[in-house]
Amino acid sequence: MTPAGADRDRAPERRWWGDHLGELRWQLDAARLLAHPVLRGRGVPGGDGRSVLLVPGFLAGDYTLATMAIWLRTIGYRPRRVGFLTNTDCSERALRRLEARADALVDGRGQRVAVIGHSRGAHLGRALAVRRPKLVSHLVALGGGLSSQMAVSAPTAAAVALVRAWHRHTNDRRDRSGCLREDCRCSFTRDYSAPFPESVRLTSIYSRRDGVVRWESCVVPYADNVEVRGTHVGLAVNPDAYMAIASALAAPSIGRDPTPA
């Protein structure tokens, strides 16, 4: 049988229901963080004053990364918000917003920014690094599918479908060709799927206990893949993830930062 024939005969991937009840354990991740010395900046390398853009996940806003922002400031970085309330906008429009924010920060300091993206935030961060590699020095993906946007649980896919249906009734629906789908024909999809630039350091932090995103989609050969224990939601307040983030951001930039204009 030819490879093409093998592809046609391949059984479809089974629906995965995830573990959304188990995701309630994110509170244990938060409790561990409160008692962990990493929250006070102990045992991790200090920052270089670089701006760090924090991009929340699907159905989540900037507030979900507020604890991380306080911690990043403690260890010597400049955390910056994108301004997302729910991160449910059209992917291309959300990416343009992230791009404009990064552009303004680089113009202001002449130093590339780091991006930390949680879940869907990692999708946007990956696309930004491909589109504008001269803006991004480091990308840290927290439970973000880097090989597939929709490698998610059935309940999560249903929530995405509801948002997709809402997008179809917006005024610019004619410009949307499959918004929030793997096969959307927008520029975001092209950049998300393109080869990752060698000039950007990529760290993917994931958990095999992730109840929302298939952890296998977070592991890619072109990233430093770091496994931690905990939930998907809890990656935003996971002490092991914080230690991995500090190490990732402290790694030297690849190439040189642009000089201020």
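Here are a few things to note about the model shown:
- Residue ranking by accessible heavy-atom surface, 1.4 Å probe, largest first, among ASP240, ASP29 comes out as ASP240, ASP29.
- DSSP beta bridges in the chain [antiparallel fraction, %, rounded to 5]: 5 percent
- The chain: translational diffusion in µm²/s, Stokes-Einstein, Kirkwood Rh over Cα pairs, 37 °C, 0.692 mPa s: 175 µm²/s
- Separation of the ARG42 and ALA66 label points, Cα + 7 Å toward Cβ, nm: 2.6 nm
- Here the range 140-255 carries DSSP beta bridges of which approximately 10% are antiparallel, counting only pairs with both residues inside.
- Using the Cβ-Cβ distance between VAL219 and SER187 with R0 = 35 Å, the FRET efficiency computed as 1/(1 + (r/R0)^6) comes to roughly 0.85.
- Shown here for the range 190-244: GluC sites (Glu not before Pro) in loop regions (DSSP other than H, G, I, E, B) with at most 11 other Cβ atoms within 10 Å, namely GLU198.
- Distant-in-sequence amide contacts of LEU53, defined by a placed amide H-H separation under 5 Å and a gap of 5 or more residues or a different chain, comprise ARG80, ALA114, VAL115, ILE116.
- In the context of the full protein assembly, ILE75 retains an accessible surface of approximately 20 Å², using a probe radius of 1.4 Å and ignoring ligands and nucleic acids.
- A dipole drawn for the range 127-227 from +1 and -1 charges on Cβ atoms has a positive end, and of SER217, LEU142, ALA165 the residue lying farthest that way is ALA165.
- Shown in residue order for the range 109-126 are the 3J(HN,Hα) couplings computed by the Karplus curve 6.51 cos²θ - 1.76 cosθ + 1.60 at θ = phi - 60°: 10, x, 10, 4, 8, 9, 10, 10, x, 9, 6, 4, x, 5, 4, 5, x, 5 Hz (x for Gly and Pro).
- Potential extension, ARG93-THR74 segment - 0.36 nm per residue separation minus Cα distance: 3.7 nm
- Spin-label pair HIS169-TRP16: with each label point 7 Å from Cα along the Cα-Cβ axis, the two points sit 3.2 nm from one another.
- Around the Cα centre of the range 12-151, unit charges on the Cβ atoms of Lys, Arg, Asp and Glu (plus for the first two, minus for the last two) sum to a dipole of about 360 debye.
- For LEU162, solvent-accessible area (1.4 Å; no DNA, RNA or ligand), Å²: 130 Å²
- In the assembled protein chains, TRP166 presents an accessible area of approximately 150 Å² (probe radius 1.4 Å).
- Loop-located chymotrypsin sites (Phe, Trp or Tyr not before Pro) in the range 176-260 (DSSP state other than H, G, I, E, B) with a sparse environment of at most 13 neighbouring Cβ atoms within 10 Å: TYR222.
The values are calculated or read from the model by the stated rules, or taken from the named source; none is laboratory data. This one's a predicted model, so the numbers in the text were calculated from it and none came from an experiment. Glycine also receives a Cβ, built like all others from the backbone with ideal geometry; neighbour counts cover every protein chain displayed. With ligands, DNA and RNA removed, areas are computed over all heavy atoms of the protein, side chains included. Shrake-Rupley method; radii C 1.70, N 1.55, O 1.52, S 1.80 Å.
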